[in-house]
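Trainee: If you scroll down you'll find the structure; I have some questions about it.
The values are calculated or read from the model by the stated rules, or taken from the named source; none is laboratory data. Computed from a predicted structure; not experimentally measured. Positions of Cβ are backbone-derived with ideal geometry, glycine not excepted, and every protein chain shown enters the neighbour counts.
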């Protein structure tokens with residue numbers, strides 16, 4: 001068995017590779033799927049429990065196989081004819097070689113039109129989405145930062161794997177570009193959440209009270225991310 005991976009057997013007899021992650025803070029063995037890659041992960045408190053982690057994963061082979069199949073169906077690559085949500089609205093990806101860059105068209109039917117030459121259709125769509133995410137996040141962060149009495153932070157927009165947003169001690173913030181796929185209220189909640197850290201670098205009651213003041217519907221959008229966030233990480237992914 002590889003130090004960082006092991007194989008289990010699916011109900012149909014096919015092997016499934018499981019990534020091993022050691023987390024001393026874990027109180028027990030856990031199983032989950034990576035939000036971006038869809039890969040199954042076994043989390044163990046220590047390496048002495050690796051064999052127990054393998055046995056536990058094998059006992060859950062039915063569940064893992066079912067989740068992997070569902071994850072595969074959810075994968076939506078950036079290609080002409082695909083539909084993706086942009087600001088929560090279903091948007092058609094359309095080839096248009098008369099253009100030089102991708103454009104977002106918000107008509108009766110929303111579309112992203114992009115050239116296909118050079119095989120860079122997906123890259124152009126991604127570049128557009130990152131730019132739109134930066135615009136939307138900058139606007140909302142400016143509003144919330146002013147409300148908490150701080151300067152407008154420096155923003156970075158990335159393809160983060162584990163966090164929708166983060167705020168450093170120096171006030172610099174990072175956000176996932178995938179927030180632009182969600183309804184605008186979700187992006188607004190994450191912006192409010194990170195701006196609240198300009199006052200409270202923790203998750204204390206005072207912090208959550210401030211987030212709620214900035215966004216009274218915060219709980220609704222927080223739950224939305226918990227329920228739908230994983231699907232956002234399958235958008236732009238290549239189908240296996």
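Trainee: Take residue 32 and tell me if it is under 26 Å from residue 229 (Cα atoms) and in contact with a helix residue (DSSP H, G or I) (Cβ under 7 Å, 6 or more places away or on another chain).
Mentor: Working: under 26 Å from residue 229 (Cα atoms): yes; in contact with a helix residue (DSSP H, G or I) (Cβ under 7 Å, 6 or more places away or on another chain): no.
No; evaluated as a whole, the condition is false for this residue.
Trainee: Within the stretch 44-70, take every residue that is in contact with a helix residue (DSSP H, G or I) (Cβ under 8 Å, 6 or more places away or on another chain) and closer than 27 Å to residue 228 by Cβ and give me the one that is modelled with the lowest pLDDT. So that I can check it myself, show each step before the final result.
Mentor: Within the stretch 44-70, the subset in contact with a helix residue (DSSP H, G or I) (Cβ under 8 Å, 6 or more places away or on another chain) is 44, 57, 64.
Pick out the ones that are also closer than 27 Å to residue 228 by Cβ and you get 57, 64.
On the way: 57: 93, 64: 88.
The residue in question is 64.
Trainee: For residue 132, only one of the following conditions fails: (1) under 20 Å from residue 215 (Cβ atoms); (2) under 18 Å from the mean Cα position of the chain (by Cα). What is its number?
Mentor: Going through (1) under 20 Å from residue 215 (Cβ atoms); (2) under 18 Å from the mean Cα position of the chain (by Cα) one by one, residue 132 breaks only (1).
Trainee: Taking into account only those residues within the stretch 1-24 that are within 18 Å of residue 161 (Cβ to Cβ) and assigned to a loop (DSSP other than H, G, I, E, B), which is modelled with the lowest pLDDT?
Mentor: Here the residue is 4.
Trainee: Scan the stretch 159-210 for residues that are in contact with a strand residue (DSSP E or B) (Cβ under 6 Å, 6 or more places away or on another chain) and over 20 Å from residue 224 (Cβ atoms) and jot them down.
Mentor: In the first step, residues of the stretch 159-210 are kept if they are in contact with a strand residue (DSSP E or B) (Cβ under 6 Å, 6 or more places away or on another chain); the result is 160, 164-167, 173-175, 177, 181, 190, 194, 197.
If the condition is that a residue be in contact with a strand residue (DSSP E or B) (Cβ under 6 Å, 6 or more places away or on another chain) and over 20 Å from residue 224 (Cβ atoms), then 167, 173, 174, 197 are the ones that fit.
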